[in-house]
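To start, the structure itself, in structure tokens.
The values are calculated or read from the model by the stated rules, or taken from the named source; none is laboratory data. Remember, predicted model here, so these are calculated numbers, not experimental data. For neighbour counting, all protein chains shown are included, and Cβ atoms are generated from backbone atoms with ideal geometry for every residue, glycine included.
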Amino acid sequence: MKFCSCIAEYNPFHLGHLKHIDYIKNQLSAEKIVVIMSGNFTQRGEPAVLDKFTRARHAILAGADIVIELPTVFATANAEIFAKGAINILSGLNVSGGLCFGVESGDKLSFLSLADAMNNESKEFKRILKSKLDQGISLAKAKFETVKELSGEEFDQALVSSPNNILGLEYTKAILKCGSTLDIYPMLRDGDHNDTTLKKGITSATSIREVIKTAELKKAKKSVPPFVYKDLDEYPFCFDKMIMASLITTPTDNLAKILDCTEGLENRIKAFSKDHHTADTLVEKVSTKRYPQTRIRRILLSNFLGIDKDLVLDALSSDLYAKVLAVNSSSMDVIPELAASSKIPLLTRKSDSGGLKKLAQKCFDIDLLANDLYSLATNLKYNEHQMVIV
């Protein structure tokens, strides 16, 4: 296989990620690895523990050939939009070969069959789905139960019960829906994605972030490659007041225009913001079983970055761009090779963004804003237009 792609956050890059890249190289025999990676803000609605250029460099040092940024409008959205956005970028690049993703369970056939069934969203599907959501069931589980009820088939519920399985299913759905030629390669991962207990060797990114937050960096030394450990630093950054100030100054009607801020959730957020002056306490107060904390954090972050629902949906139906964050010095040929077949602009320098279409430019401006705000919070300067050669 010439190309194999993966979609990641690397927040931070750890030994499980290293195993994933080794698997692609050694088991799938990929000649080139293309990584689509989140920028400075993540799908959990939080700033990344390290800037995107550092994390991209880590991926190259681990064996990737090129790292391309997932636009912020997708990287900070829910699992379905995150996955669709990433597949859109790969489709725009005309990358052939496969997509390899880590999962807690399941095989290729189980992902393909459930994804195909879930893509058939008829009027009856939407009616039953709404009734299940009204019962307070999570979206992933509600879709699963709806498909099961309509088809009468037995599907593996584990595919909608854990975060990596859910993402893997969304990748597969997006590939099938857009008619991509990408093949899928689910790889069984080690450990629990949400486990906060740090383990030596392969452990969750969540557990590593927890020790970083408590300034106990030495505990992470045996859980990440040496080139990652030397870059780890104090976290979290001082976004809290900025996010809260943005919320306070945003009219309720504008908050309602943000993706996933539905069913009057904007009123609940604004009401509780009067008595809870930190993002953490506000999120804890607003969240419920139906509205999990990550959803609330994404809403606050989208408001902070000026990302509304219309922009996200328009971006999903448009050709955007592929911003190269880093490339392996021995794989420089991958850039002209991708550029030759790509339907979207490949951005490697500042001048490349000059010809972007109006919507693409608007999305790229969000990336620029995210970079500037991240620089402000970390007291470090990051050149948005650079391409790191490792």
Checklist entry - Would you pick out the residues in the range 363-390 that are assigned to a helix (DSSP H, G or I) and aliphatic (A, V, I, L, M)? => result ILE366, LEU368, LEU369, ALA370, LEU373, LEU376, ALA377
Next on the checklist: I need the full set of residues from the range 306-342 which are surrounded by 19 or more Cβ atoms within 10 Å (Cβ to Cβ) and under 20 Å from TYR382 (Cβ atoms), in order please.
Outcome noted: ILE307, TYR321, ALA322, LYS323, VAL324, LEU325, ALA326, VAL327
Checklist entry - Restricting attention to the range 230-242, which residues are part of a helix (DSSP H, G or I) and touching a residue at least 12 places away in the same chain (Cβ under 8 Å)? => result ASP240, MET242
Checklist entry - Taking helices (runs of 4 or more DSSP H) that fall entirely within the range 243-352, which contain at least 1 residues that are of a type in the set (Phe, Trp, Tyr) and within 23 Å of GLU46 (Cβ to Cβ)? => result 265-273, 293-305
Item to check | Top-ranked residue of the range 1-34 - restricted to ones that are charged (D, E, K, R) and outside any loop (DSSP other than H, G, I, E, B), ranked as surrounded by the fewest Cβ atoms within 10 Å (Cβ to Cβ) | outcome: ASP22
Checklist entry - For MET37, which of the numbered conditions (1) assigned to a strand (DSSP E or B); (2) touching an Asp or Glu at 6+ places or on another chain (Cβ under 6 Å) fails to hold? => result (2)
Next on the checklist: Criterion first (loosely packed, with under 14 Cβ neighbours inside 10 Å, of a type in the set (Val, Ile, Thr), free of Cβ contacts under 8 Å to residues at least 12 places away in the same chain and in contact with an Asp or Glu (Cβ under 9 Å, 6 or more places away or on another chain)) does THR214 satisfy it?
Outcome noted: no
Checklist entry - Would you call THR54 of a type in the set (S, T, N, Q), in contact (Cβ under 8 Å) with a residue 12 or more places away in the chain and in contact with a Lys or Arg (Cβ under 7 Å, 6 or more places away or on another chain)? => result no
Item to check | Within the range 353-372, tally of residues that are at pLDDT below 95 and surrounded by 15 or more Cβ atoms within 10 Å (Cβ to Cβ) | outcome: 1
